[in-house]
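For reference, the structure discussed in these notes is given below.
Here, each number is a calculation from the coordinates, and none is a lab measurement. Model, not experiment: these values are computed from the prediction. All Cβ positions, even for glycine, are placed from backbone atoms using ideal geometry, and neighbour counts span all protein chains on display.
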Amino acid sequence: MKKILALSGSNHSQSIHNTLIRSLAEKATLTEVTIIELKDFDLPMYGIDAESKGIPADIITLRQMMNKHDALIIASPEHNGSMPAFLKNVIDWLSRVAEPGKSFFGDDKKPVLLVSTSPGPNGGATNLRTMAELMPWWGGDVKGIYSLGSYQERIHDGEFDVATKVELEALMSSFENAL
């Protein structure tokens, strides 16, 4: 059985992206999905001065985890049309432990599903387009992109409405079949 590592690029403890990741993971039927919280990894803000003090052990651990999984689901908030600094920092550190010419996300190119949500109608779509363009350079093979706008109107008592559940089931099925 193929294994997927699912993570949110948010460092907010109550992130709506965590809800989206959990909902997708619940819909997996052909794969095993492991959900991790990037905020649990202790990473200083990347810079040459920080790197000169040594590579953080947590980034080595994260890359090893990524290497053991066949694919990634990345849920990224959109901050002013781009990925949050928190997620960019993780990617910057991953780039420093990858061997030249290798994927940031493990030794081989990884299939990736990019998802986002937001209270507004855009659902983070602007950021996802940018990330999708960068993903091949980072070592990801984008198999799908999903933007869920108007989050509060589509979730009730912690559950997505029927139409959204159907969309998420189809998205997860498509991603699993692409692996």
Taking the Cα centre of the chain as origin and charging only Cβ (+1 Lys, Arg; -1 Asp, Glu), how large is the dipole, in debye to the nearest 20? 300
PRE zone check, label point 7 Å out along Cα-to-Cβ of residue 153, amide N under 16 Å, scope the range 100-132, hits 117-125
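I need the calculated FRET efficiency for the pair residue 12 and residue 126, taking r as the beta carbon distance and R₀ as 22 Å, to the nearest 0.05.
On the way: r = 19 Å, r/R0 = 0.87.
Efficiency at R0 = 22 Å is approximately 0.70.
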Hey, fewest Cβ within 10 Å first, where do 171, 134 land in order? 134, 171
How big is the Kirkwood radius of the range 7-58, worked out from every pair of different alpha carbons and given in Å to one decimal? 13.2
Could you list 137, 93 so that the one with the fewest beta carbons within 10 Å of its beta carbon is first and the one with the most is last? 137, 93
Karplus ³J(HN,Hα) for the range 17-25 (6.51 cos²θ - 1.76 cosθ + 1.60, θ = phi - 60°; Hz, whole; x = Gly/Pro) runs 5, 5, 5, 4, 4, 4, 5, 5, 4
Using unit Cβ charges (K, R positive; D, E negative) and no other charged atoms, how large, in debye to the nearest 20, is the dipole of the range 72-141 about its Cα centre? 60
Whole-angstrom gap from the range 1-73 to the range 104-152, using each part's C-alpha centre: 14
Go through the range 135-142 residue by residue and turn each phi into a ³J(HN,Hα) via Karplus (6.51, -1.76, 1.60, θ = phi - 60°); whole Hz please, and just put x for glycine and proline. 3, x, 5, 7, x, x, 10, 5
Dividing the alpha-carbon radius of gyration of the chain by 2.2 N^0.38 Å, where N counts its residues, gives 1.00
Please list 3J(HN,Hα) in residue order for the range 26-34, calculated via the Karplus relation 6.51 cos²θ - 1.76 cosθ + 1.60 where θ = phi - 60°; whole Hz, with x for glycine and proline. 5, 8, 5, 10, 10, 9, 9, 10, 10
What are the residues whose amide H is under 5 Å from the amide H of residue 104, where those residues sit 5 or more places off or on another chain and H is modelled from the backbone? 139
7 Å from Cα along Cα→Cβ at both residue 137 and residue 32: what's the point-to-point distance in nm? 3.5
For the pair residue 58/residue 166, report the inter-label distance in nm, with labels modelled 7 Å from Cα in the Cβ direction. 4.2
What full-extension length gain, to one decimal in nm, is calculated for residue 109 and residue 45 as 0.36 nm per residue of separation minus the Cα-Cα distance? 20.5 nm
